[in-house]
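Below: the structure, in structure tokens.
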Amino acid sequence: QKTLSERCVVETVIDDQVITITAYDGKGRIVQERIATYAPNGMSISIQGISLTYYDEGPYAGNVHEQHIISYDPKNTSTIIDNQVIEIESYYSGGNDDGKAHVQKITTFNPNGTIKIDAQKIEIESYYQGGKNNGKVHIQKVITYNPTNESDIVDAQKIEIKDYYYDGQDHGNVHIQKVTTYNPKDESIVVDEQELEIEDYYYGGQNHGKVH
């Protein structure tokens, strides 16, 4: 299965993916897939193996509940560089963002999955509509927890992503963002505000996709 995401202006490719479905469940739902993502110029930028579970009842019945995502070095596909579990806690219903993730919990492990290294809850407040950033996150609220004690909030931020890289090895990564940091115990108190331009990301190797 190959998918091409396009802008409203025909023939402007914003994403190019090859999706290989490797397993379905008894209801015909995808439970394992491998996704290779390419920049519009054909450069490999991401390879992921994904295992999925679904909501079986309630308002999100049939929607994805959890994704276990193993990311590989695109220059050496046998090397695991990232290991995450994403639990989608709620979806938007109605409006332009209908069916998109609203609140999700992201737990990050070391590559072999034995050590929890990060835990975050993300509320996506808006997505881009149209243009080269169509469907990408625009504004999100990020709460970071102590990975060994998730009742302990260590950081609270609102992030407005103003631009993403288009094409080339950094395609799809954040380019410019505004980050507002709050007091974790009182979000009415702003402790820092920055606008950041990320000039470069690592490509290939253990740090692939991380800010350089």
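The values are calculated or read from the model by the stated rules, or taken from the named source; none is laboratory data. Note that the coordinates shown come from a computational prediction; the quantities given were computed from them, not determined experimentally. Reconstructed Cβ throughout: ideal geometry from the backbone, glycine too, with neighbour counts over all protein chains shown.
Checked against (1) on the phi < 0 side of the Ramachandran plot; (2) at pLDDT 95 or above; (3) in a loop (DSSP other than H, G, I, E, B), Gly58 passes all but condition (1). Within region 121-161, being touching a Phe, Trp or Tyr at 6+ places or on another chain (Cβ under 8 Å) and touching a residue at least 24 places away in the same chain (Cβ under 8 Å) holds for Lys121, Lys132, Asn133, Asn134, Gly135, Lys136, Val137, Ile153, Val154, Ala156, Gln157, Lys158. Checked against the criterion of being charged (D, E, K, R), at pLDDT 95 or above, under 16 Å from Lys105 (Cα atoms) and surrounded by 15 or more Cβ atoms within 10 Å (Cβ to Cβ), the candidates Lys121, Lys136 yield just one match: Lys121.
With the condition being among the small types (Gly, Ala, Ser), under 27 Å from Tyr72 (Cβ atoms) and in contact with a strand residue (DSSP E or B) (Cβ under 9 Å, 6 or more places away or on another chain), I'd like the strands (runs of 3 or more DSSP E) fully within region 94-203 carrying at least 1 qualifying residues.
Because the criterion is at least 1 residues that are among the small types (Gly, Ala, Ser), under 27 Å from Tyr72 (Cβ atoms) and in contact with a strand residue (DSSP E or B) (Cβ under 9 Å, 6 or more places away or on another chain), the strands (runs of 3 or more DSSP E) in region 94-203 that meet it are 101-109, 116-127.
The rows are residues; the columns are (1) more than 25 Å from Pro40 (Cβ to Cβ); (2) among the polar types (S, T, N, Q); (3) modelled with pLDDT under 95.
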position	(1), (2), (3)
Tyr145	yes, no, no
Thr148	yes, yes, yes
Ser151	yes, yes, yes
Lys185	yes, no, yes
Glu195	yes, no, no
Ile198	no, no, no
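Whenever a residue of region 96-120 is at positive phi, its partners that are assigned to a strand (DSSP E or B), lying with C-beta atoms within less than 6 angstrom and at least six residues away or across chains, give the pairs Gly113/Asn83.
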